[in-house]
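The values are calculated or read from the model by the stated rules, or taken from the named source; none is laboratory data. Bear in mind the structure is a predicted one, so any value in this text is a computation, not a measurement. Every residue, glycine among them, receives a Cβ derived from its backbone with ideal geometry; neighbour counts consider all protein chains shown. In case anyone asks, the SASA skips ligands and DNA or RNA and just uses the protein heavy atoms, side chains included. Shrake-Rupley method; radii C 1.70, N 1.55, O 1.52, S 1.80 Å.
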Amino acid sequence: MGPVILISGVGLLLLSMTNRLGRAIDRARQLKEIYRAGTQADRERLKGQLEILWLRAKLIRASIVWAASSALLAALLIIFLFISTLLAVPMTVMIVMIFVGCMVAVVISLTYFIRDINLSLHALRLEMNFEA
């Protein structure tokens, strides 16, 4: 039952992450249009924000890859548990290794996700300082 719940939880995380990626991409496209039509001062300010959005998109992509890997490992874990039970073949070491890999992937994914959140707050601070 645990791996199935894990897949569901990671699926919700993936939904949140893909939404964040989409918003970062949309914002980058908006800023790029403003950049093209803006003054030199606008371009200098926007260049920093576009660089941050690029870094954020890369962090979110990495987070998505690790979360998806975790879901795949959880699915693989379910398959090995089923085979182990059905065929009465001891696969304890393999099951433990897959589970640990799954958890490590979740931890790495969430680490990238937290880095993205911190970077987005940094971008907000830059924008607010400019406007102040």
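Miscellaneous remarks
- Look at segment 1-30: where a residue is within 23 Å of Leu76 (Cα to Cα) and in a helix (DSSP H, G or I) and a partner is among the β-branched types (Val, Ile, Thr) and modelled with pLDDT under 95, sitting 6+ places away or on another chain with Cβ atoms under 6 Å, you get Pro3/Ile78.
- Test result for Val65, in contact with a Ser or Thr (Cβ under 6 Å, 6 or more places away or on another chain) and among the β-branched types (Val, Ile, Thr): no
- Condition broken by Leu110, with the remaining ones in (1) part of a helix (DSSP H, G or I); (2) modelled with pLDDT under 95; (3) among the aliphatic types (A, V, I, L, M) satisfied: (2)
- Residue in segment 17-40 that is under 23 Å from Phe99 (Cα atoms) and either surrounded by fewer than 18 Cβ atoms within 10 Å (Cβ to Cβ) or among the hydrophobic types (A, V, I, L, M, F, W, C) (or both) present: yes
- Candidates Leu87, Leu110, filtered to the one that is closer than 22 Å to Pro3 by Cβ, surrounded by fewer than 12 Cβ atoms within 10 Å (Cβ to Cβ) and among the aliphatic types (A, V, I, L, M): Leu87
- Within segment 41-77, tally of residues that are under 16 Å from Leu12 (Cα atoms), open to solvent by 20 Å² or more (accessible area, probe 1.4 Å) and touching a residue at least 60 places away in the same chain (Cβ under 8 Å): 2
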